[in-house]
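Beneath this line is the structure, given in structure tokens, with notes to follow.
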Amino acid sequence: MFIESLMKLWKDSGFVALTWQSLLMIIIACVLIYLAVAKKFEPLLLLPIAFGMLLANLPLTGLMNEPASSSEAGGLLYYLYLGVKKGIYPSLIFLGIGAMTDFGPLIARPSSLLIGAGSQFGIAAAFIIAILMGFSPKEASSIGIIGGADGPTAIYLTTRLAPHLLASIAIAAYSYMALIPLIQPPLMKLLTTKKERMIQMEQLRKISKLEKICFPIVVSILCILLLPSVAPLIGMLMLGNLFRESGVVERLSDTVQNALINIVTIFLGVTVGATAESSEFLKTQTLEIIFLGLIAFMFSTVGGLLIGKLMCWATKGKINPLIGSAGVSAVPMAARVSQIEGQKANPGNYLLMHAMGPNVAGVIGSAVAAGVLLSLFG
Amino acid sequence: MTLSESLLIALFCMAVVFSVLGILWAVIRLFSATIMTIEKKKEKSFAKKRGTYL
């Protein structure tokens, strides 16, 4: 009887149900965990995503199972995933991002918005190439949005248009965001001259508190009236920013930029990773998405740089085109890359605050682009 | 979807993004200019009052 019990225990264990595909996914999850911990590749999201992937591919856990009947409970991650499915988590993350973001450099130089717009070029380019590769318009839109370099926006759009691609797109988006210091500099050197990279920009004017308070209200009203589908993302982003700038709700501002965003990041990351089951992830499509994600990032950088060059020409050399690459909305990584490359050309050059304008403009730009794609294909 | 359709959609998407952000640029310049004018007037009247008391 003892042996029978042992045999039953063994038959019910995950070892028996383990397939080579699950094993491969477990190895991939471990590699991603290594990248997050040892190489610090966007660890705040990549670590929970990788662990979610690990949990989902350990067999027989039922973590992502729907309830079999009304009297039975579903898996833990099934319930947590509802926040992703309903678009709640990305919007709440934007709430936290808004509370952490200083839009001062953008208000001081509103022309940065044009760089933010140009940096969405990668979305368009990746969309076209994805269609040529045989993806449907909804899938192509979800893949293209990787070019916005904005994780929550990519997740928000993908859950609505192509939820079966969520894991691949999220992993590609966050991995490439971590690789911005490698992807952008060669393009920056290719598209700018040494003379342009050495341009020192005038200090930005001081922004009054009233301007900073009016900004989120005006942006919300305008963007949402023009494009109602961006309301969840832009609305939450601007609400968070209003919490920060009003100065009268310190507790709320503190909560959204700390406790709330951390909790939501955990739930979002783990459940997005848990969608990476071997049957969905181990396809040639995943490699195609990874390739297209790189194309999207590169074209977004090129688009921003070209607008930067145009602004440099239009202002007769007052704008350093390097800030154009900061239009991809990976805040503040892309702005830091502009700073580093600017200092390589001219050690006395401080481009960080100038690059923050396009950087935060890119967040608005990618949300608007997502809104357009959602209107067209949602 | 054909290549030409996808090109049109991509162009449309970029056009809307540029238009929305372009309008935002104009509105921000407008409200910044308005606020700066109001604040300058306030500072002038405050400086006048101070001058009167001194």
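Bear in mind that the values in this text are calculations on the coordinates, not laboratory data. These numbers were taken from a predicted model, which means no experiment stands behind them. Cβ sites come from the backbone with ideal geometry, for glycine too, and all protein chains shown count toward neighbours.
Values for this structure:
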read-out	value
Whichever lysines have a C-alpha closer than 18 Å to that of A:K195, once near sequence neighbours (fewer than 8 apart) are set aside	A:K309, A:K316, A:K318, A:K344
Ranked A:M356, A:M238, criterion: other C-beta atoms within 10 Å, fewest first	A:M238, A:M356
Measure of compaction for the stretch A:256-378 (Cα Rg per 2.2 N^0.38 Å)	1.32
Pairwise label distance in nanometres, A:S69 with A:L287, each label 7 Å out on the Cα-Cβ vector	4.6 nm
Residue (of A:V256, A:A29, A:V368) at the positive-pole extreme of chain A, dipole from beta-carbon charges	A:V368
Viscosity 0.890 mPa s, 25 °C: Kirkwood-radius Stokes-Einstein D of the protein assembly as shown over Cα pairs, µm²/s	108 µm²/s
Charged-residue dipole, Cβ positions (Lys, Arg, Asp, Glu), chain B about Cα centre, Debye nearest 20	840 debye
Label-to-label distance, nm, for residues given as A:Q200 and B:R29 (7 Å Cα→Cβ offset)	2.8 nm
Förster radius 45 Å - calculated FRET efficiency between A:L179 and A:F15, Cβ distance, rounded to 0.05	0.80
B:V20, A:V272 arranged by Cβ crowding within 10 Å, fewest neighbours leading	B:V20, A:V272
R0 of 56 Å, Cβ-Cβ distance A:K8-A:D102: FRET efficiency to nearest 0.05	0.40
18 Å Cα-Cα threshold exceeded, pairs from A:K212/B:K49; A:K206/B:K40; A:K209/B:K48	A:K212/B:K49; A:K209/B:K48
All lysines inside 26 Å of A:K138 as judged from Cα atoms, apart from same-chain residues fewer than 8 positions distant	A:K85, A:K86, A:K283
FRET efficiency estimate (nearest 0.05) - Cβ-Cβ, A:L23 to A:I221, R0 51 angstrom	0.45
Estimated dipole of the stretch A:133-283 in Debye, rounded to 20 [Cβ of Lys and Arg +1, of Asp and Glu -1, Cα centre]	520 debye
Stretch gain in nm, segment A:N346-A:V249, where the contour uses 0.36 nm per residue and the Cα spacing is subtracted	30.8 nm
P(r) of the stretch A:333-378 over all Cα-Cα pairs, binned every 10 Å from zero, in whole percent	28, 32, 21, 14, 4
Degrees separating the helix A:352-377 axis from the principal Cα axis of chain A, which is the longest one	60 degrees
Of A:S70, A:S246, A:S141, the one that fluctuates the most in a GNM where chain A has Cα springs shorter than 10 Å	A:S70
Projected label distance in nm at A:K316 and B:A47, using a 7 Å step from Cα toward the beta-carbon	2.9 nm
Furthest towards positive pole of dipole, B:C13, B:M36, B:F46, structure part chain B, Cβ charges	B:F46
